[in-house]
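Data block below; observations after.
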Ligand code: UN1
């Protein structure tokens with residue numbers, strides 16, 4: 001731990017050996033059971049976080065309900081000013097927070113910094129948005145009447161996030177929710193609980209400097225039972241949940257049962273279609289970063305390459321060749337491209353997936369396996385694998401959160417590739433590599449990719465915050481981040497005002513007394 005400035009980063013972020021895992025801002029609650037956080041980088045204990053008790057949860061919600069009443073009354077641009085200050089604090093803390101992300105979660109330091117950069121970017125976006133929460137005016141069919149639409153603050157937003165983006169997903173939700181006048185309760189991943197505490201420390205400073213009450217930003221910690229307190233709680237009008245399809249299916253049903261809104265950001269099974277005119281200079285880095293970046297643990301990770309038979313051998317050889325250049329090791333060391341998987345359970349899932357692919361007839365082109373020896377003591381470092389497969393294999397249809405890339409051949413027209421691309425249960429991200437205008441436009445048309453994200457000549461991962469982020473089918477249908485994703489954090493109200501002396505009814509209905 002002493003190397004790479006980790007001790008220093010933990011100190012700057014206010015992380016202790018045992019941290020309280022429940023907070024309403026500047027107030028912290030002692031909590032119950034401890035959750036230990038071990039680094040997948042070296043297997044060392046980083047610290048512990050106490051989990052939230054039922055009584056503490058009740059206090060958190062009471063505090064959030066109270067804060068909402070004053071926060072929603074604050075003009076939106078003033079709330080934007082708070083988010084602006086938050087973004088500035090993140091700029092100051094980019095280095096320690098990026099390091100903690102890398103150390104606790106295992107992604108490369110560059111990607112750790114990139115994740116904090118996404119937080120900064122969404123803050124900037126939200127500041128501008130705080131002056132643009134515009135409604136529409138609508139022509140009324142009745143004389144002397146006006147219609148308009150207003151966007152009002154929604155209330156408490158419950159955020160459930162995953163280990164793979166342990167800080168950015170929180171910011172995508174909170175930065176928008178706060179300018180919208182909502183208050184947030186966040187349950188971060190129990191696999192990266194120190195990231196949650198570090199983020200809360202950062203926002204707590206901003207809230208204190210502005211004399212804002214407790215309850216605007218709260219964190220809770222624990223396993224799924226703590227998450228369930230939120231999903232079944234009708235005091236929380238919106239639950240934004242990022243994670244597996246398995247989790248989303250449960251969360252979505254629980255929230256729907258009480259008529260809450262949910263924003264679901266679930267699994268992907270993202271493919272790149274590589275056509276005969278694809279430019280290898282673009283294909284290789286796009287596909288390789290997509291497949292091995294974050295050790296294959298992004299929901300946007302590239303899982304499948306659908307390659308035209310006429311260029312198959314050439315593309316395969318180039319990708320296999322590029323895999324030979326990949327350096328695996330401590331993600332804090334910037335000479336390494338790929339760090340560890342999050343934990344041994346993930347390693348197990350990865351190994352099993354390779355076995356399943358082989359059993360179904362897959363041909364291994366780049367051998368996987370677990371790395372051992374010096375520097376790999378945590379047991380979480382694996383080799384990115386490439387397997388030649390069929391789209392119909394059960395394992396190919398499944399999202400394995402690990403660096404396994406399936407190569408699939410297509411023949412004939414691009415429509416055949418699009419069918420394969422769409423022929424999975426998930427619908428998050430997709431891409432086509434082509435210099436043919438017609439192929440690109442077909443891919444982007446209504447009859448093309450069925451995903452929430454469809455790219456041309458770039459890979460499937462690494463989306464900018466300015467666009468709406470999310471996907472269809474088993475990905476859950478939610479959209480967060482840019483575009484008009486803010487609308488889900490507000491309630492829409494339609495107003496009709498009569499400024500005439502008569503009371504004409506809509507649809508021309510006569511009702512004479
Ligand atoms: C995720 O993996 O949960 O597009 C989010 C990307 C990142 C976000 C990924 N901007 O890869």
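The values are calculated or read from the model by the stated rules, or taken from the named source; none is laboratory data. These numbers were taken from a predicted model, which means no experiment stands behind them. Cβ atoms come from the backbone with ideal geometry, glycine included; neighbour counts cover every protein chain shown.
Side notes on the structure shown:
- Cβ-Cβ under 6 Å pairs, at least 6 apart or on other chains, segment 280-305 side away from the ligand (no atom under 15 Å from the Cβ), far side assigned to a helix (DSSP H, G or I) and modelled with pLDDT of 95 or more: 280/318; 284/318; 284/322; 305/287
- The one condition from (1) surrounded by fewer than 20 Cβ atoms within 10 Å (Cβ to Cβ); (2) closer than 29 Å to residue 448 by Cα; (3) touching a helix residue (DSSP H, G or I) at 6+ places or on another chain (Cβ under 6 Å) that residue 240 does not meet is (1).
- For segment 249-270, the set of residues classified as within 12 Å of the ligand (Cβ to nearest atom) and in a helix (DSSP H, G or I) is empty.
- Segment 216-232, residues that are in contact with a strand residue (DSSP E or B) (Cβ under 9 Å, 6 or more places away or on another chain) and either farther than 20 Å from residue 21 by Cα or surrounded by fewer than 18 Cβ atoms within 10 Å (Cβ to Cβ) (or both): 223
Residues are listed down the side, and each one gets a yes or a no for (1) surrounded by fewer than 18 Cβ atoms within 10 Å (Cβ to Cβ); (2) without any contact (Cβ under 8 Å) to a residue 60 or more places away in the chain; (3) more than 16 Å from the ligand (Cβ to nearest atom):
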position	(1), (2), (3)
453	no, no, no
456	yes, yes, no
484	yes, yes, yes
495	yes, no, yes
506	yes, no, yes
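- Here 59, 85 are screened, and the one residue that is under 22 Å from residue 185 (Cβ atoms), under 26 Å from the mean Cα position of the chain (by Cα) and surrounded by fewer than 20 Cβ atoms within 10 Å (Cβ to Cβ) is 85.
- Pairs are defined by a Cβ separation below 6 Å, a sequence spacing of at least 6 or placement on different chains, a first member in segment 166-180 that is over 14 Å from residue 483 (Cα atoms) and modelled with pLDDT of 95 or more, and a second member that is away from the ligand (no atom under 16 Å from the Cβ) and assigned to a loop (DSSP other than H, G, I, E, B); the pairs so defined are 179/130.
- In the set 445, 430, only one residue is on the phi < 0 side of the Ramachandran plot and in contact (Cβ under 8 Å) with a residue 12 or more places away in the chain; that residue is 430.
- Test for residue 348: is it out of contact with any helix residue (DSSP H, G or I) (no Cβ under 7 Å at 6 or more places or on another chain) and under 25 Å from residue 164 (Cα atoms): yes
- Boolean, residue 126 is farther than 30 Å from residue 37 by Cα, touching a helix residue (DSSP H, G or I) at 6+ places or on another chain (Cβ under 9 Å), in contact (Cβ under 8 Å) with a residue 40 or more places away in the chain and part of a helix (DSSP H, G or I): yes
- Residue satisfying condition, being within 23 Å of the chain's Cα centre (by Cα) and either at pLDDT below 95 or more than 15 Å from the ligand (Cβ to nearest atom) (or both), within set 309, 228: 228
- Counting the residues of segment 233-248 that are out of contact with any strand residue (DSSP E or B) (no Cβ under 9 Å at 6 or more places or on another chain) and either assigned to a loop (DSSP other than H, G, I, E, B) or closer than 11 Å to residue 156 by Cα (or both) gives 2.
- The number of residues in segment 371-396 that are over 27 Å from the mean Cα position of the chain (by Cα) and either within 24 Å of residue 105 (Cα to Cα) or assigned to a helix (DSSP H, G or I) (or both) comes to 7.
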